[in-house]
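Chemist: Structure in structure tokens, see below.
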Amino acid sequence: MTPLQQYMAEEIATDHADGILDRREALRRLGMMGLGAAAASALLAACSTNQSDSQAHSTSSAAPASGPPGAAGALESSAVTFAGPQGRTLQAAWAQAKNPRGGVLVIHENTGLTDFIRSVTGRFAGIGYSALAVDLLSEEGGTATFSEPAAATAALSKIPQDRFVADLQAGVQELARRVPDKKLGVTGFCFGGGLTWMLLTAGTPNIAAATPFYGPFPTGGDLSRSKAAVLAIYGSLDARVGATRPAAEAALQQAGLPHETFIAQGADHAFFNDTGPRYNAAGAAQAWRRVTDWYGRYLG
């Protein structure tokens, strides 16, 4: 398994350890990813042990009456397509700001291009940043063609990492075309947070700022080819991804990039996703303020 595939499998196992998935469902999803019964059972046992040794995970906190952060002024997104690598056509969600201050590439979680991610593009557009979210399952027909999120996750787990990077780099180019002469940022969540780090280690041009949300930093990742100002966001209870934070901070320091780390206290993995079981309204609101301030400083 590649590190990204391992991460996705551990996501399922951690959901089981936290009581979000029962054992039967967790084994089914791991089987869809290609894990045999013995390997899947061992992974569930390992993650359950690790979880019991760490502090208790958080429960979701209710969204305030005004809705999730940024939702009040969000603009509508629309479905678009554009040319991708090797003659492929990429699908995406696009939300255009009325008077763009910059552009943001939004990278989805391991369930594909969902309504949550579409809403995030609209939230960015509402504060002046035109946003594009590439569907990384475009070649498979798009996220909407899958019958359930688990099937989308299984499909994503079988795609080579270099294809993800190439498709996202094409997304950066498309965003630059749609928001000419403006600075560009990248925001990714979970799986997408890890891909944000990969875009930076790949030296992707035209990225002025990045805000990876609880994304695993790649082993041996080198940021020396990046010029982005990075705000790295974590949940204090997310021990699994938090374990990669020191390596990320060391790489940022070594590369001499402007950077800060924000850790949402009492929040777990995926705390920004208001459609998920770990949503933490307070942490999400604090993170959104940090992100908007960061882009205000480094994008315009």
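The values are calculated or read from the model by the stated rules, or taken from the named source; none is laboratory data. Being a predicted model, the structure only gives us computed values, none of them experimental. Because the Cβ atoms are built from the backbone with ideal geometry, glycine has one as well, and the counts that use them run over all protein chains shown. With ligands, DNA and RNA removed, areas are computed over all heavy atoms of the protein, side chains included. Shrake-Rupley method; radii C 1.70, N 1.55, O 1.52, S 1.80 Å.
Chemist: What distance in nm lies between label points placed 7 Å from Cα along the C-beta direction at Asn206 and Ala83?
Modeler: Modelled inter-label distance: 1.3 nm.
Chemist: In the Gaussian network model of the chain, springs joining C-alpha atoms below 10 Å, which of Ala255, Ala97, Ala209 carries the largest mean-square fluctuation?
Modeler: Result: Ala255 has the largest fluctuation of those listed.
Chemist: Additional query: Contact order normalised by length for the chain, with contacts defined as Cα pairs under 8 Å and 6 or more residues apart; what percent is it?
Modeler: It rounds to 17 percent for the chain.
Chemist: Let me check against my output: what whole-number percent is the relative contact order of segment 71-215, with C-alpha pairs under 8 Å and at least 6 apart? Let's see the in-between values first.
Modeler: Details: 320 pairs, mean separation 37.1, N = 145.
The normalised contact order for segment 71-215 reaches 26 percent.
Chemist: Have a look at Pro205, Pro216, Pro160 and tell me which one the Gaussian network model of the chain (Cα, springs below 10 Å) gives the largest fluctuation.
Modeler: Highest fluctuation among the options: Pro160.
Chemist: So which trypsin sites (Lys or Arg not before Pro) in segment 89-122 end up in coil per DSSP with only 15 or fewer other C-beta atoms within 10 Å?
Modeler: Lys98
Chemist: Angle, helix 281-298 long axis vs. longest principal axis of the chain, Cα atoms, 0 to 90°, nearest 10?
Modeler: 40
Chemist: With a 1.4 Å probe and every protein chain kept in, tell me what percent of the accessible surface of the chain is carbon plus sulfur.
Modeler: Of all accessible area on the chain, carbon and sulfur atoms account for 50 percent.
Chemist: Relative to the longest principal Cα axis of the chain, at what angle does helix 115-126 sit, 0 to 90 degrees, rounded to 10?
Modeler: Once rounded, one gets 30 degrees.
Chemist: Also: Does anyone have the angle between helix 23-32 and the longest principal axis of the chain? Alpha-carbon axes, 0 to 90°, nearest 10?
Modeler: 60
Chemist: While we're on this one: Once label points are set 7 Å from the Cα along Cα→Cβ at both Ile20 and Lys158, what is their separation, rounded to one decimal in nm?
Modeler: Placing both labels 7 Å beyond Cα along the Cβ direction yields 2.4 nm.
Chemist: Where is the GNM fluctuation largest for the chain (alpha-carbon springs, 10 angstrom cutoff): Asp222, Asp115, Asp238?
Modeler: Asp115
Chemist: Work out the count of Lys pairs in the chain where the Cα-Cα distance is under 19 Å, with the pair 8 or more places apart or on different chains. Don't skip to the answer; put the middle values down first.
Modeler: Values: Lys98/Lys182; Lys98/Lys183; Lys182/Lys227; Lys183/Lys227.
Going through the chain pair by pair, I get 4.
Chemist: Next up: Taking the convex hull of the alpha carbon atoms in the chain, what volume per residue do you get, in Å³?
Modeler: With only Cα atoms used, the chain gives 119 Å³ per residue.
Chemist: Express in whole angstrom the spacing between the alpha-carbon centres of segment 217-256 and segment 66-102.
Modeler: Centre-to-centre distance over Cα atoms comes out at 26 Å.
Chemist: Still on this structure: Measure off 7 Å from each Cα along the Cα-to-Cβ vector at Ala144 and Glu76, then give the distance between these two points in nanometres to one decimal.
Modeler: 1.4
Chemist: Sticking with this structure for a sec: What FRET efficiency do you get for Asp115 and Ala247 if R0 is 41 Å and r is their Cβ-Cβ distance, rounded to the nearest 0.05?
Modeler: Values: r = 33 Å, r/R0 = 0.80.
That pair, Asp115 with Ala247, gives E of 0.80.
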